[in-house]
Amino acid sequence: MAVADRKGRTTASPHVSITTTAWPGFLDSWLSQIPLPKWALIAVAVAVGILLLLFLICIVRCCCGKKKPKKKERINLCAVSNSITASLVQPEMEDLERGMEQIRRGKLQYSLEYNFRMQELKVGVKQAVELKAMDSGGTSDPYVIVYLTSDMKKRYETKVYRKTLNPIFNESFTFQVPQAEVPESTLVMQIYDFNRFAKHDIIGEVRLPLASVSLQHVIEQWSDLVAATRVEEEQLGEICFSLRYVPSTGKLTVLILEARKLKRMDSHGLSDPFVKVHLILNRKKWKKKKTSVKKNTLSPYFNEVFVFEVPFNQIQNVDVVISVWDHDKVTKNEPIGKLFLGCRATGNQLRHWSDMLSNPRQPLAQWHILQPPDVVDKALGLKSHLKLPLTSR
C-alpha cells in the first residue's frame, strides 16, 4: 500500500505541472503552425507595436493640441507690424472708403449723337438712380451741369428736381464741335445738390473722352458717378512769337508768328482773333501795337513784325505783354488770354527773355501758353479797368 501510495503521488505531480503550463503550451502550438522562423515573428511583433505607439501619439496630439495653433497665430499677428502682413489680413482703409464712395454716388444714364454734316454733338441727360443723399432728410435736390473741356465757357444746366435720389431729367443739349476737335474734347456731366442759401454740393460726375467712343451711331448707356476731380483750368490757347534785341541800336523786335487752339468766343464756335503787343515801363503802360484781325479761326497765322525803340539802360525795367483778343464789330472786344515777358516774369517767359538778352541780334522763337488776363494783370500790378494814356512810335 505504501508503495502504491508513492506511485500515486509520483503520477499526480506530472498532472499538476501540465495544468500550470497549459497557456504557454497553447501559444507554442499556435506559433508552431506559422511557417516563419522565431526571429521573424519577433520583428513583426516589434514593428506592429511601434505602429500602434505612433498611432496613439497622433491621436493624443490631435485631441489635446487643437487650440494651440490659434493662440500661436494670434500672438504672431499682434507682434508683427509689417505693412505687407497687415494688407494680407485686411484691405487699406483708403481703399474701403473709396469703394464706399463709388457705391453710394449712384449712376447716370445719357445719350450721345453726333451730326457730321452740321458738326453738332447732341447730349441727352436721361435719368439718375441711387444718388448719394446730401440733405439731412436722406434726400437730395439734384440737377446736372453739362460741358465740354474744349469750350468750358458754354455750359448747360438741367432743371432742379426736389427731394429725390432717382430724378428723371429727359433733357438734351447741343454743342458745336468741329469734327477735327472731337478727339481732343471730353464730355463732363456733373450732378449737384441744389441749396438755396449755401454752396451747391457736387454729388458726382461722369467724364467721357470723346476719343474713346464711336460716334458713328447713337450711343445710350449708363455710367457710375465718381468723385469730382479738381476743376481744370480753362484752355485759352497757345501763341508763337520771336524776340530780338540789338543793344547798340536799342531796337526790340517782336515777330508775332501764329496761334493755335484758341478759346471759342463766338456763338458759332470760332473767334476773330488779333494780337496786341504792349510795352510796360516801370509798371506803367508805355507803347502798344496790334496785328490785323483774322476772321473765323482758332488757329490764326499772322507773321507780323513790330519794332520798338528801347534804350539799353531801360531794357531791365521793361515788360512785354502779349495779349490775344476776339474782335467784335457790335460789342466790345474781349480778351482771350495774355502773358508777359521781362525780368519780373517766371518760367518759360523768363527763360525766353533771358535767352534774348544772352543772344543779342539773334531772333529767338518760342511757343507760350496763354494765361487768364486778370492773372497776368495782377502779376504786373495793373488794374484792368483803368485806362492810361498811351503813346506809340
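The values are calculated or read from the model by the stated rules, or taken from the named source; none is laboratory data. None of the values given here were measured: they were computed from a predicted structure. Backbone-built Cβ (ideal geometry, glycine too); neighbour counts: all protein chains shown. When the accessible area is computed, the model is the full protein with side chains, heavy atoms only, and any ligands, DNA or RNA have been set aside. Shrake-Rupley method; radii C 1.70, N 1.55, O 1.52, S 1.80 Å.
Couple of notes before you dig in:
- The C-beta contact set for the stretch 112-130 (first residue farther than 17 Å from Arg155 by Cβ, second residue of a type in the set (S, T, N, Q), distance under 6 angstrom, 6+ apart or interchain) comprises Gln119/Gln179; Lys126/Gln109; Gln127/Gln109; Val129/Asn166.
- Tally of residues being in a strand (DSSP E or B) and surrounded by fewer than 18 Cβ atoms within 10 Å (Cβ to Cβ) across the stretch 335-367: 4
- Checking each residue in the stretch 113-162 for being open to solvent by less than 50 Å² (accessible area, probe 1.4 Å) and polar (S, T, N, Q) picks out Thr139, Ser140, Thr149, Ser150, Thr158.
- Checked against the criterion of being out of contact with any strand residue (DSSP E or B) (no Cβ under 8 Å at 6 or more places or on another chain), touching a residue at least 24 places away in the same chain (Cβ under 8 Å) and either in the same structural domain as Lys126 (by the TED database) or charged (D, E, K, R) (or both), the candidates Met189, Met152 yield just one match: Met152.
- Among the residues of the stretch 253-288, those identified as touching a Gly at 6+ places or on another chain (Cβ under 9 Å), over 16 Å from Gly342 (Cα atoms) and part of a strand (DSSP E or B) are Ala259, Arg260, Pro273.
- Criterion applied to Val305, Val254, Val293 was being more than 30 Å from Glu205 (Cβ to Cβ), touching a strand residue (DSSP E or B) at 6+ places or on another chain (Cβ under 8 Å) and crowded, with 19+ Cβ neighbours inside 10 Å, and the one residue passing it is Val254.
- There is no residue in the stretch 184-196 that is aliphatic (A, V, I, L, M), open to solvent by 40 Å² or more (accessible area, probe 1.4 Å) and modelled with pLDDT of 90 or more.
- Lone unmet requirement of (1) surrounded by 15 or more Cβ atoms within 10 Å (Cβ to Cβ); (2) under 39 Å from the mean Cα position of the chain (by Cα); (3) modelled with pLDDT under 90 for Leu262: (3)
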